[in-house]
There are 2 protein chains.
Amino acid sequence: MLMGQPIAIAIHGGAGNIRPENLPPDRAQKVEAYMREVVEEAYLLLQQGRMAIEVVEVAVRRLEDAGYFNAGTGAVPNERGEVELDAAIMDGHTRRAGAVAAVRQVRNPITLARYVMERTSHVLIVGAGADSLAQLWNLPLRNGIETPSEVPWSYGTVGAVALDKHGNLAAATSTGGIMHKKAGRVGDTPLIGAGTYAENGVVAVSATGQGEYFIRSVLAYDIAARIRYAKQPLREAVLQAFAERLEPIGGQGGVIALSPAGEVFLHFNTPGMYRAAINASGHRIVGIFR
Amino acid sequence: MLMGQPIAIAIHGGAGNIRPENLPPDRAQKVEAYMREVVEEAYLLLQQGRMAIEVVEVAVRRLEDAGYFNAGTGAVPNERGEVELDAAIMDGHTRRAGAVAAVRQVRNPITLARYVMERTSHVLIVGAGADSLAQLWNLPLRNGIETPSEVPWSYGTVGAVALDKHGNLAAATSTGGIMHKKAGRVGDTPLIGAGTYAENGVVAVSATGQGEYFIRSVLAYDIAARIRYAKQPLREAVLQAFAERLEPIGGQGGVIALSPAGEVFLHFNTPGMYRAAINASGHRIVGIFR
């Protein structure tokens, strides 16, 4: 790795009550292999000089399409048996962001979120208004995707953070929300500063867990603010954000966080979090359980 | 005023291109008189020992019902000629919060937001799902409210921040969004940490302006983070949040902010902001223009 051009990628597939006793070993192996594939592909793109914003979109789209996670194809239904999807993407270079919530028709909410960022003057578009933009822009729809049954390993959100050769950070997150949620419920995923945040020179964060607690803690931006204003290093910023903001109100979940130097820190206070990363030193991590 | 029991209230009715030449004097007088009435009523409730969370809801409901502002009864239509309303409320004592976005049927979105906070395990509910809760809970609907024509004085959002006798801070914000917005567009108003934030011992903030820039700046929580982590006083925190976060990306608007000691700071970088306040010393302010 050339000095001064660090690259790094981290992804997650959700945090929750994921334990060896409720995840069959062959399933765990398949999911780990899939995550390994996604980070290796993303890393290759970064090596080729592609932009972080593009790489996090590609990585999250792959996770949405996997069917293993509660996002995109694998999303769980709400109380009415309908799937409602949320996603956000943020470019740390410009602090531009795009997000969608409670969309039903689009196959890849993360791509719709990126289009909202690039093609509109808005950041967040919800419901049928967002679905109609997906049609207008000819994005692939969910037609024919069957809603999966209640799979015990489908716990959460997916997300990615990346650092590209040009020093840009980006973050992207996508989810089907919580099982049997009220129609229209939106969690932290599509809310900039709650579940998703990126800013060059500071941090990129994607969160997963009980979204309401992450919203009330403005968790992703709290990590950024600790780094900016309290000069905390990445690891300390994440740990203290959990200890001082999320946990005192009872929140559970995890984050993937990435520093401008390509340091990766993966943290969760649940039994497990689907996760994989390649840091600036080229060190590989893939894991599910604590 | 007894030491140790400061109370304070501030409200806004939106920031924007509000100038003497585009606001008839009799209209300005009526709006000022209305805002004065709202803060005096709120102050009386605080003197009686009512909770900040209750007082900000009452104040914002009055502003929604006024018809003078782009919220509730006075809301402006989106690109399809439909009204879509957003609101959020946050209790600084518990950091609990409730919010709704893109609702069409409820008369007082701020009350629906409070019910979401108190009656569900969720923070944010959008669209038809939120409207159906308004019906379930028998909240008054908008039936019969005519969408106002494009009134030049209807520029923004409404909001309130309050400090009660018990030391609790609260914030509430409500809006019709931006004129001719895309269907489903959601701004900063209902997003905790962007347009609305309250935390005891730190600050209460309600914002108004070009919501996308406030989202990308996580502006309300940036002010809180400066106070918590950089130990900045209220005024400096607000001014630097504007100068370092909002303005570099081109954002315009205003905030009302309230410290735990009952210090009020009203700030905007637009020609005008509808505003009124009574601080901990009992000092009254009512204004529209710079």
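The values are calculated or read from the model by the stated rules, or taken from the named source; none is laboratory data. These numbers come from a predicted model, not from an experiment. Note that each Cβ is placed from the backbone with ideal geometry, even for glycine, and that neighbours are counted across all protein chains shown. Just so you know, the surface numbers come from the protein's heavy atoms only, side chains and all, with ligands and any DNA or RNA stripped out. Shrake-Rupley method; radii C 1.70, N 1.55, O 1.52, S 1.80 Å.
Scanning the range B:72-107 for residues that are under 15 Å from the mean Cα position of the chain (by Cα) and free of Cβ contacts under 8 Å to residues at least 60 places away in the same chain yields a total of 1.
To keep it simple, each residue is scored yes or no on (1) charged (D, E, K, R); (2) farther than 25 Å from A:Met179 by Cα; (3) modelled with pLDDT of 95 or more.
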| position | (1), (2), (3) |
| --- | --- |
| B:Leu45 | no, yes, yes |
| B:Ala59 | no, yes, yes |
| B:Leu63 | no, yes, yes |
| B:Tyr68 | no, yes, no |
| B:Asn78 | no, yes, no |
| B:Thr120 | no, no, yes |
| B:Val126 | no, no, yes |
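Within the range B:99-110, track down each residue that is more than 12 Å from chain A (Cβ to nearest Cβ), open to solvent by less than 10 Å² (accessible area, probe 1.4 Å) and touching a Ser or Thr at 6+ places or on another chain (Cβ under 8 Å). Of everything in the range B:99-110, those that are more than 12 Å from chain A (Cβ to nearest Cβ), open to solvent by less than 10 Å² (accessible area, probe 1.4 Å) and touching a Ser or Thr at 6+ places or on another chain (Cβ under 8 Å) turn out to be B:Pro109, B:Ile110.
Does A:Arg245 fit the bill of being under 23 Å from B:Glu244 (Cα atoms), within 11 Å of chain B (Cβ to nearest Cβ) and either part of a helix (DSSP H, G or I) or open to solvent by less than 40 Å² (accessible area, probe 1.4 Å) (or both)? It is false that A:Arg245 is under 23 Å from B:Glu244 (Cα atoms), within 11 Å of chain B (Cβ to nearest Cβ) and either part of a helix (DSSP H, G or I) or open to solvent by less than 40 Å² (accessible area, probe 1.4 Å) (or both). Residues in the range A:163-171: is at least one touching a strand residue (DSSP E or B) at 6+ places or on another chain (Cβ under 7 Å) and within 14 Å of chain B (Cβ to nearest Cβ)? Yes, there is a match, as at least one residue in the range A:163-171 is touching a strand residue (DSSP E or B) at 6+ places or on another chain (Cβ under 7 Å) and within 14 Å of chain B (Cβ to nearest Cβ). Considered as a group, the residues in the range A:177-216 that are facing another protein chain (nearest Cβ under 7 Å) and on the phi > 0 side of the Ramachandran plot include one that is surrounded by the most Cβ atoms within 10 Å (Cβ to Cβ), and that residue is A:Gly193. Scanning the range B:230-241 for residues that are out of contact with any Ser or Thr (no Cβ under 9 Å at 6 or more places or on another chain) and open to solvent by less than 30 Å² (accessible area, probe 1.4 Å) yields B:Gln232, B:Ala237, B:Val238. Residues in the range B:267-290 that are open to solvent by less than 30 Å² (accessible area, probe 1.4 Å), among the aliphatic types (A, V, I, L, M) and assigned to a strand (DSSP E or B): B:Met273, B:Ala276, B:Ala277, B:Ile278, B:Ile288. Put simply, of B:Ser154, B:Ser132, B:Ser174 the only residue that is at pLDDT 95 or above and open to solvent by less than 20 Å² (accessible area, probe 1.4 Å) is B:Ser174. Is one or more of the residues making up the range B:142-151 aliphatic (A, V, I, L, M), away from every other protein chain (no Cβ under 12 Å) and under 17 Å from the mean Cα position of the chain (by Cα)? Scanning the range B:142-151, I find no residue that is aliphatic (A, V, I, L, M), away from every other protein chain (no Cβ under 12 Å) and under 17 Å from the mean Cα position of the chain (by Cα), so the answer is no.
Counting the residues of the range A:39-53 that are open to solvent by 40 Å² or more (accessible area, probe 1.4 Å) and either touching a residue at least 24 places away in the same chain (Cβ under 8 Å) or under 17 Å from A:Met273 (Cβ atoms) (or both) gives 4. I'm trying to understand the selection: among the residues of the range A:248-266, which are assigned to a loop (DSSP other than H, G, I, E, B), more than 19 Å from the chain's Cα centre (by Cα) and farther than 22 Å from A:Thr175 by Cα? Scanning the range A:248-266 gives a single hit, A:Ala261. Of all the residues in the range B:217-240, those that are more than 11 Å from chain A (Cβ to nearest Cβ), part of a helix (DSSP H, G or I), in contact with a helix residue (DSSP H, G or I) (Cβ under 9 Å, 6 or more places away or on another chain) and of a type outside the set (Val, Ile, Thr) number 2.
Could you list, in sequence order, the residues of the range B:12-38 that are of a type in the set (S, T, N, Q) and touching a residue at least 24 places away in the same chain (Cβ under 8 Å)? Residues satisfying the conditions are B:Asn17, B:Asn22. Against the criterion of being within 14 Å of chain A (Cβ to nearest Cβ) and open to solvent by 20 Å² or more (accessible area, probe 1.4 Å), B:Arg119 qualifies. Of all residues in the range A:177-185, at least one satisfies being part of a strand (DSSP E or B), more than 15 Å from the chain's Cα centre (by Cα) and not polar (S, T, N, Q).
Among the residues making up the range A:62-98, those that are within 14 Å of chain B (Cβ to nearest Cβ) and more than 21 Å from A:Ala224 (Cβ to Cβ) are A:Pro77, A:Asn78, A:Glu79, A:Arg80, A:Gly81, A:Glu82, A:Val83, A:Glu84, A:Leu85. When every residue of the range A:138-147 is checked against the conditions, at least one turns out to be of a type in the set (A, V, I, L, M, F, W, C) and open to solvent by 40 Å² or more (accessible area, probe 1.4 Å).
Exactly one residue among A:Arg96, A:Arg36, A:Arg114 is open to solvent by 10 Å² or more (accessible area, probe 1.4 Å) and in contact with an Asp or Glu (Cβ under 7 Å, 6 or more places away or on another chain), and that residue is A:Arg114.
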